[in-house]
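The values are calculated or read from the model by the stated rules, or taken from the named source; none is laboratory data. Remember, it's a predicted structure, so these values are computed and weren't measured experimentally. Here Cβ is always computed from backbone atoms with ideal geometry, including for glycine, and neighbour counts include all displayed protein chains.
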Amino acid sequence: MIGRTLLLIPAYNEETSIGAVIGEARAINPELDVLVANDCSGDATAANARRAGASVLTVPHHLGLGGVLQAGYKLAFELGYDYVVRIDGDGQMDPHDIPAILHALRTSSAQMVIGSRYLEKDDGHTSVIRSLGIRFFRAVLRPILGKPVADPTSGFVGVNREALAVFATSFPLEYPEIEALVVLRRKAFHFVEVPCRIRPRHAGRSTITPLKSVYYIVHVLLGVVVNILKFERHRWR
Amino acid sequence: MERLFTITLLLSAALVLAILHSLRRAHIRVEYSLSWLAAALASLVLSARPGALRALGGWLGVSPQAALGTVAVFGFLVVLYRLSMIVSELKDNNVALAQKVAALEYHLHRLEATREADARR
């Protein structure tokens, strides 16, 4: 049984790229329903997404990535989807990799599949600061997750309904990728990684600055520690 | 030294009156005014009874003024911490509410679209 699958795209002011991202994803994966979780964009993101054939979930005010993603996960769970694959709205993720993520989700016992940029070789699009941050979090997460993770900050992830149920009730509001891994580990869930490609974004540019990177590291570290404190002891192994 | 206690006494009394005025005008809710009232009244009592501060200062090994400052800073830090907890809870509730509103709006639009499609048939 294949199961109903949703492609979830969180978006904030992505009017120039969202149509192309949806169009490309639907051309390659026509069986998928597409939902854009619109974080109260001030531009034509919602209109362009609808025009491209996606459903749109618009939150009434800006929630940030974690908040709008969780809104999407909650709705997907409510609508009965079996699998949800998340990609970003800036066109950096290649929809040709979606089938590999879905295949791993359907055939492995993992509740989460990460599309990893670093499993085969460095993609060349990662800045020095980001690269250092990823190395740092790989080292931090290794003992917590009980296995290495090559790309803990990847936003290209697929989850099954078990993980969806968890995310619908417990999901980090800011910088969710790394904390989400620990949230699932708290439930003794598993993840696997599959290689994926990363491309230059269709439009706009990254807003990450050195100061924001330091804030990110401190914020995520604290979130990880808090999640460890919440670990259910009988499932911790 | 007595002048300092007179000033803090007056300021504490003014703070108590301001809190009561805000309560009367419904600018602050009773549950959120309690910690402010407790801090302001503690400051008021300590300013009115410098003997207690002298004893506390002697125990801490600092001057009575420093003891008053320490008590005031700690008291207001507790109030601010409590407010941070309240703001965090409000933010969580606000996010959950916004997500719920978004989902309800989504369902409403779908219902309207279905009804329009049925009407066209």
Residue tally, condition surrounded by 21 or more Cβ atoms within 10 Å (Cβ to Cβ), without any contact (Cβ under 8 Å) to a residue 60 or more places away in the chain and part of a strand (DSSP E or B), over segment A:1-33 | 0
Considering every residue within segment B:77-87, establish whether at least one is within 14 Å of chain A (Cβ to nearest Cβ) and assigned to a helix (DSSP H, G or I).
-> yes
Single condition B:A48 does not satisfy, out of (1) loosely packed, with under 12 Cβ neighbours inside 10 Å; (2) of a type in the set (A, V, I, L, M, F, W, C); (3) touching a helix residue (DSSP H, G or I) at 6+ places or on another chain (Cβ under 9 Å) = (1)
Restricting to segment A:150-199, what's the tally of residues that are among the β-branched types (V, I, T), more than 21 Å from A:I129 (Cα to Cα) and part of a helix (DSSP H, G or I)?
-> 4
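Yes or no, residue by residue, for (1) within 13 Å of the chain's Cα centre (by Cα); (2) among the basic types (K, R); (3) buried (at least 18 other Cβ atoms within 10 Å of the Cβ):
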{"site": "A:R138", "(1), (2), (3)": "no, yes, no"}
{"site": "A:L145", "(1), (2), (3)": "no, no, no"}
{"site": "A:A150", "(1), (2), (3)": "no, no, no"}
{"site": "A:G155", "(1), (2), (3)": "yes, no, yes"}
{"site": "A:G158", "(1), (2), (3)": "yes, no, yes"}
{"site": "A:A165", "(1), (2), (3)": "no, no, no"}
{"site": "A:S170", "(1), (2), (3)": "no, no, no"}
If you check B:G69, B:G58, which single one turns out to be away from chain A (no Cβ under 14 Å) and modelled with pLDDT of 90 or more?
-> B:G58
